[in-house]
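Below: one structure, written as structure tokens.
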Amino acid sequence: MTPQTNFSGSARAGSTGGASVTQAGHRLLSAKAERFTESVIREMTRLAMRHGAVNLAQGFPDFPAPSEIKEAARQAITDDINQFARTQGVSVDPEREITVCCGSTEAMMAAMMAVINPGDEIVVLEPFYENYGPDAILSGAAPRFVKLRPPDWTFDEKEMTAAFGPRTKAIILNTPNNPTGKVFNKAELEFIRDLCIRWNAFCITDEIYEHIIYDGAEHISMARVEGMRDHTITVNGMSKTYAVTGWRVGWAIASPETTAAIRKVHDFLTVGAAAPLQQAGAMALRLPQSYYDKLANDYLIRRDRMLEILKQAGFACFKPRGAYYIMTDISGFGYPDDVSFAKYLVEKIGVAVVPGSSFYNDPADGAKQVRFTFCKTEKTLSAAAERLLKLRRG
Ligand SMILES: Cc1ncc(COP(=O)(O)O)c(C=O)c1O
């Protein structure tokens, strides 16, 4: 297990010597690809399997997807929806403003490749979802970090203002937020809006957890904030809302001009997501409000259960207002850092988590944090609870 984040610069980069250099002195592999590591979360999942641990590291639901959506996918295959798909049933102009991609992962990558030029900077709020690191490197953007600080994970206005400048091409926003559970409020979004407009920058906003919110929090989409429609690229997908992380259907919504650029990139990256699953997605987007109410309520029950489990086991928790993760403070356990603690948890306690350092540019910033996910059945959560209690006894 290596304490690396995916923004690892040259100091923590992989080897560039030996076999990676050809006889003619050229690099065999891309220097860009050498600048980031494989997903830390995927590595934790591998360790969980090796040690028979309960996997509370990777955010995939271990319960079934809704039967209506599975039926819609079956029907679409029966109906021979086999060729390239063209539309999604959402309330923006599907012909000019939506690009359906292979998951929001591709939508984010395609959006960044569509807008970034050499020398461009992007503002990244940390802790951040690990993909934004490789996204920045592959698209060629230089990240400028702004800290979100607990307990409410808000940013300092002076730091945010200082991060923007003439080179800023975009800010990457994620609300509701992974890993902190923060839901950005109107005043925070308007502050960011003012900077985007002042510097003519995009807000690329990852809203994949938009329906998973608690305690009366309101999800406000940046595209809805006055003056931001044309400055916003909204990234979203089916994975979390419909518990289908393996279907790989996501989308980017942007102005027609920006969409035209995103579509060109997308077309040469993947051409398109699986057509019958897009068809099922169009059906899913028409589900009644009761589906979304139940989704949020089911997650609220899981969140409260997980908070209780973690408190019993001695963790200090940052209560999330959205998404399905809990960041915890591990200072009380006396381990030197998050990586050694996560290793102990997976090997000796039998629960896999994500070390906090993987969400920060400087691993030291996450050395006292680990992240748990709770998108799991009660059976999985109670198995984890039993194991975590050993922390108290041991
Ligand atoms: C913030 C965030 N964005 C995007 C994704 C990936 O979404 P998709 O399955 O649509 O690629 C995840 C998955 O964990 C996530 O947490």
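The values are calculated or read from the model by the stated rules, or taken from the named source; none is laboratory data. Predicted model, so just to flag it, every value in this text is computed and none were measured. Because the Cβ atoms are built from the backbone with ideal geometry, glycine has one as well, and the counts that use them run over all protein chains shown. Heavy atoms of the whole protein, side chains included, go into the accessibility calculation; ligands, DNA and RNA do not. Shrake-Rupley method; radii C 1.70, N 1.55, O 1.52, S 1.80 Å.
Laid out as a table, the results:
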quantity: Residue pairs meeting the criteria (Cβ under 8 Å; at least 6 apart or on separate chains; first over 11 Å from residue 100 (Cα atoms) and open to solvent by less than 30 Å² (accessible area, probe 1.4 Å), in the stretch 272-285; second modelled with pLDDT of 90 or more and charged (D, E, K, R)); calculated: 280/70; 284/68
quantity: Test: residue in the stretch 77-87 that is modelled with pLDDT of 90 or more, away from the ligand (no atom under 16 Å from the Cβ) and open to solvent by 20 Å² or more (accessible area, probe 1.4 Å); calculated: no
quantity: Residues of the stretch 99-135 that turn out to be away from the ligand (no atom under 13 Å from the Cβ), surrounded by fewer than 24 Cβ atoms within 10 Å (Cβ to Cβ) and among the β-branched types (Val, Ile, Thr), as a count; calculated: 2
quantity: Considering residues of the stretch 164-186 that are free of Cβ contacts under 8 Å to residues at least 40 places away in the same chain and surrounded by fewer than 24 Cβ atoms within 10 Å (Cβ to Cβ) only, the residue farthest from the ligand (Cβ to nearest atom); calculated: 166
quantity: Which numbered condition residue 138 fails, given (1) within 16 Å of the ligand (Cβ to nearest atom); (2) open to solvent by 20 Å² or more (accessible area, probe 1.4 Å); (3) in a loop (DSSP other than H, G, I, E, B); calculated: (3)
quantity: The stretch 356-376, subset more than 19 Å from residue 316 (Cα to Cα) and open to solvent by 40 Å² or more (accessible area, probe 1.4 Å), residue nearest to the chain's Cα centre (by Cα); calculated: 361
quantity: Condition check for residue 161: under 21 Å from the mean Cα position of the chain (by Cα), at pLDDT 95 or above, open to solvent by 40 Å² or more (accessible area, probe 1.4 Å) and away from the ligand (no atom under 16 Å from the Cβ); calculated: no
quantity: Residues of the stretch 34-62 classified as in a helix (DSSP H, G or I) and touching a residue at least 60 places away in the same chain (Cβ under 8 Å), total; calculated: 7
quantity: Pairs where the first residue, in the stretch 115-130, is farther than 25 Å from residue 327 by Cα and the second is open to solvent by 10 Å² or more (accessible area, probe 1.4 Å) and in a helix (DSSP H, G or I), C-beta under 8 Å, 6+ apart; calculated: 115/258; 115/261; 116/139
quantity: Subset of the stretch 242-271 (residues that are surrounded by fewer than 21 Cβ atoms within 10 Å (Cβ to Cβ), among the polar types (S, T, N, Q) and under 15 Å from residue 100 (Cβ atoms)); calculated: 270
quantity: Helices (runs of 4 or more DSSP H) contained entirely in the stretch 315-394, each with at least 2 residues that are at pLDDT below 95 and either in contact with a helix residue (DSSP H, G or I) (Cβ under 6 Å, 6 or more places away or on another chain) or farther than 22 Å from residue 126 by Cβ (or both); calculated: 390-393
